[in-house]
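The values are calculated or read from the model by the stated rules, or taken from the named source; none is laboratory data. Treat the numbers as computed from the prediction; the structure is a model and nothing was measured. Ideal geometry is used to build each Cβ from the backbone, glycine not excepted, and the neighbour counts take in all protein chains shown. To get the accessible areas, we keep the full protein, side chains included, count just its heavy atoms, and leave off ligands, DNA and RNA. Shrake-Rupley method; radii C 1.70, N 1.55, O 1.52, S 1.80 Å.
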Amino acid sequence: MPVRNAFLDTAERIGDRLIENAVWNDRKCSWKVITPQLTETGPPRPREQAASGGIYQGTAGISLFLARLYWHTRKETLTPVIEAAVRHALDQIDEFSPNAFGFYAGRVGVAFAAAVAGQILGQADFVKQAQEILASLQGKEREDRRLDFLAGAAGAIPALLNLAAHLEKKWIRRMAHHLGDHLIKTARPEPVGWSWEVSPACIRNLTGLAHGAAGFGHALLELYVDSGEARFLYAARQAFAYENQHFNGQMENWPDFRHQMLGTLFSRGRLSGLKQGQRARNPLPKPLGFASAWCHGAPGIGLTRIRAYQILQDPVFREDALAASRTAERSLQTDMNYSLCHGQAGNGETLIWAAEILGEAAFRNRVEACALQARQDFELSGLGWPCGTVDQVSDPSLMLGEAGIGYFYLRLFSPGTPSLLLLVHPGKKAGGFKTDPQGCNKPHRRYLEAYFPTTVGVIERFAQSRFPALQGSLNGIWTRLLDAHQTFRHLKERIESEPHPIIKPLLEDAFRPERIAFELTLAMDDFTEELLEGLLRRTATPPDWRDVEWTLNRWTRIVSTERDWTEWLRESRPNLPDPSGCHHLLFRRRNWIHLQKVDDFTAAVLRLLEDPVRGADIPGVIRRSLPPLQGPVPDEKWKASIEELLLKASLSGIVRYRQSKD
């Protein structure tokens, strides 16, 4: 049998099996899928249950495979099953919340599947119902909370751009743009690049396609393809920059920041055991390290870089793509399941793209050879396909099971079959886009002001009035695509080299809190410690503050300036602020150092805790250090104020306590 026919034959065999195993209910049909049943101890067990209506492991995803199979074969036995599967998916739409935009797990995915089936089968009612689902989401773009490529706005955006083009509806296109602005607004500015917070069970914000920065970057890049608007390109580049700072050249991969044990404990609601372990100082196992799949790791990230190279022709993205493709190729030699999400079929998709867009035909040859061998080992042998479920138990779904494997063989049979692992803009294909630097100013300015609002504001005020020569040091900041780390170096060097004897100490004073906060941020690479400490703090019994020893958290600082620069900027006063002093509390929240102004009393108490101090000794020291506040204030009021401050600071993680050595 010719190779291409063997690929189509494999897909047809899988399609026939799906038809045979469908579970009917009137004019709707579904399938039994495999989900994990959690256990008190040990690994989860496979559990059979009815499929959902979504793309990932539901009837919408299975209908997409069967519809594309029908497109290639025109087998009439497929038609009633496709229609019944779509009806089931539409009937189950309320399993998703009213603002769940996701593609693989959300309302946009169900609408996409209904529209595709409707157009292929000529079922206008399916297309109409798809539009009704999308219409119900209008105006809710800022309410999307999942955000990521798998279940949120990032995955919905490319699907909406496709639907807008094929259905010729401009309002769907506007929804995609609104979601893109929502992603820009919710981005977490890192010292290098942007990330998005999607899970507490990780050591820092994730890399990768399904839940990490790659998925966000791809969505934003497709919006740039659609609109030509520079803010979307700028944001996409920032997402890719966040990942690339963590790239490991030896592994040719990007690290997986998920923490397996934390994820398991969170999913099972077993936080009490976690708290007990932390109180006993039991160390947590190390995170996963590196994954190699569509969802996490190089293969999925590689898809986004291949597409980025196709659009932008940037050689950096080609280098990323080739490294990721080599990692995906190596994974074909491992004992993986064959699912799209985290198996050989998904990794093979990266090699199909690399061959087509990068011109690396060897990758195509490799994946075809593996696919032919797998056809022999699992389909023709009758052993059944190893799926992406618990214990690799057979499953019919798109992302974990045989529908996805069948779709992979359709992609090998006909590369013109649209990829479901990386939806792309259906129009423009490559090159020819111009970047307007001015269009990046607003998001770039917001990026820099996340770390240096006071410093930049003071420099600009001085440049406008007293010292116009400073303006030259700012021109390059707003017109180049700098990250926060580069800007920090620029500001530090600029202030250190300032020749004017009056302005230099003023700039140093304004810059000091933000400089120290940024240096602390650079030193942080793991926020699981802060997360675990928070779990213990919220359930700890408050101590008698006098009997324990208090000290600042290692990420807490009290930084004083001679002048209150933030108030000066807010009031736009023409004269310099009075040198009356101002205190700033620097404290950690996940991987972020916040700045907050505090009064003299709070600053004095917290500064005292830079070295461990017994609670009973604090009131006397504070009374001596703040003579203007002594007056007639009774000792008990002093002690009550100190107790209140210490307990609040302890609950928020600003200070720690331990049993006094006395």
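Listed by position, the strands (runs of 3 or more DSSP E) contained in region 1-45 that have at least 1 residues being charged (D, E, K, R) and within 20 Å of E76 (Cα to Cα) are 28-30.
In region 294-331, the qualifying residues are those that are part of a loop (DSSP other than H, G, I, E, B) and open to solvent by less than 20 Å² (accessible area, probe 1.4 Å), and the one that is nearest to I405 (Cα to Cα) is W294.
Just one of the listed residues (R515, R573, R557) is modelled with pLDDT of 95 or more, more than 25 Å from K648 (Cα to Cα) and open to solvent by 60 Å² or more (accessible area, probe 1.4 Å), namely R515. A count restricted to region 395-421 and to residues that are surrounded by 17 or more Cβ atoms within 10 Å (Cβ to Cβ), touching an Asp or Glu at 6+ places or on another chain (Cβ under 8 Å) and more than 16 Å from V116 (Cβ to Cβ) stands at 6. List the residue pairs whose Cβ atoms are under 7 Å apart, where the first residue sits in region 6-32 and is open to solvent by 70 Å² or more (accessible area, probe 1.4 Å), the second is basic (K, R) and part of a helix (DSSP H, G or I), and the two are 6 or more positions apart or on different chains. Sorted first by the residue in region 6-32, then by its partner, the pairs are R27/R87. Just so you know, in region 212-259 the residues that are charged (D, E, K, R) and in contact with a Pro (Cβ under 9 Å, 6 or more places away or on another chain) include one that is nearest to Y447 (Cα to Cα), and it is R231. Screening region 46-81 for residues that are among the aliphatic types (A, V, I, L, M) and touching a His at 6+ places or on another chain (Cβ under 9 Å) and picking the one that is surrounded by the fewest Cβ atoms within 10 Å (Cβ to Cβ) gives A51. Taking (1) in contact with a Lys or Arg (Cβ under 6 Å, 6 or more places away or on another chain); (2) surrounded by fewer than 17 Cβ atoms within 10 Å (Cβ to Cβ) in turn, H166 satisfies each apart from (1).
Before we move on, is R588 within 38 Å of the chain's Cα centre (by Cα) and modelled with pLDDT under 90? Here the answer is yes, as R588 does meet what is asked. Residues that are open to solvent by less than 20 Å² (accessible area, probe 1.4 Å) and in contact with a helix residue (DSSP H, G or I) (Cβ under 9 Å, 6 or more places away or on another chain) were ranked within region 585-603; the one that is farthest from P513 (Cα to Cα) is N591. Select from region 139-190 the residues that are closer than 22 Å to P426 by Cα, touching a residue at least 24 places away in the same chain (Cβ under 8 Å) and not in a helix (DSSP H, G or I) and list them in ascending order. The answer is D148, F149, L150, A151, G152, K169.
Of the listed requirements (1) over 21 Å from A6 (Cβ atoms); (2) touching a strand residue (DSSP E or B) at 6+ places or on another chain (Cβ under 8 Å); (3) modelled with pLDDT of 95 or more, L358 misses just one: (2). Within region 60-77, one or more residues are at pLDDT 95 or above, closer than 17 Å to A159 by Cα and either part of a strand (DSSP E or B) or polar (S, T, N, Q) (or both).
What residue, among those in region 467-498 that are surrounded by 15 or more Cβ atoms within 10 Å (Cβ to Cβ) and modelled with pLDDT under 75, is farthest from L576 (Cα to Cα)? Ranking the qualifying residues of region 467-498, first place goes to L481. Going by what's in this entry, would V198 be described as over 27 Å from N347 (Cα atoms), touching a residue at least 12 places away in the same chain (Cβ under 8 Å), not in a helix (DSSP H, G or I) and not hydroxyl-bearing (S, T, Y)? Answer is no for this residue. Here L160 fits the description: more than 27 Å from F7 (Cβ to Cβ) and open to solvent by less than 30 Å² (accessible area, probe 1.4 Å).
Considering only residues that are among the basic types (K, R) and open to solvent by 70 Å² or more (accessible area, probe 1.4 Å), look in region 138-157 and name the one that is farthest from the chain's Cα centre (by Cα).
Result: R142.
When we screen L150, L121 for residues that are under 30 Å from Q238 (Cβ atoms) and modelled with pLDDT of 95 or more, the only hit is L150. In region 312-354, how many residues are of a type in the set (V, I, T) and modelled with pLDDT under 95? Residues flagged as of a type in the set (V, I, T) and modelled with pLDDT under 95 within region 312-354 amount to 1.
The set of residues in region 169-208 that are among the small types (G, A, S), surrounded by fewer than 22 Cβ atoms within 10 Å (Cβ to Cβ) and either within 17 Å of D144 (Cβ to Cβ) or under 10 Å from the mean Cα position of the chain (by Cα) (or both) contains only S199. Where the second residue is open to solvent by 40 Å² or more (accessible area, probe 1.4 Å) and modelled with pLDDT of 85 or more and the first is among the hydroxyl-bearing types (S, T, Y) and lies in region 540-555, which pairs have Cβ atoms under 6 Å and are six or more apart or on separate chains? Going by the 6 Å Cβ cut-off, the qualifying pairs are T551/P612; T551/R656.
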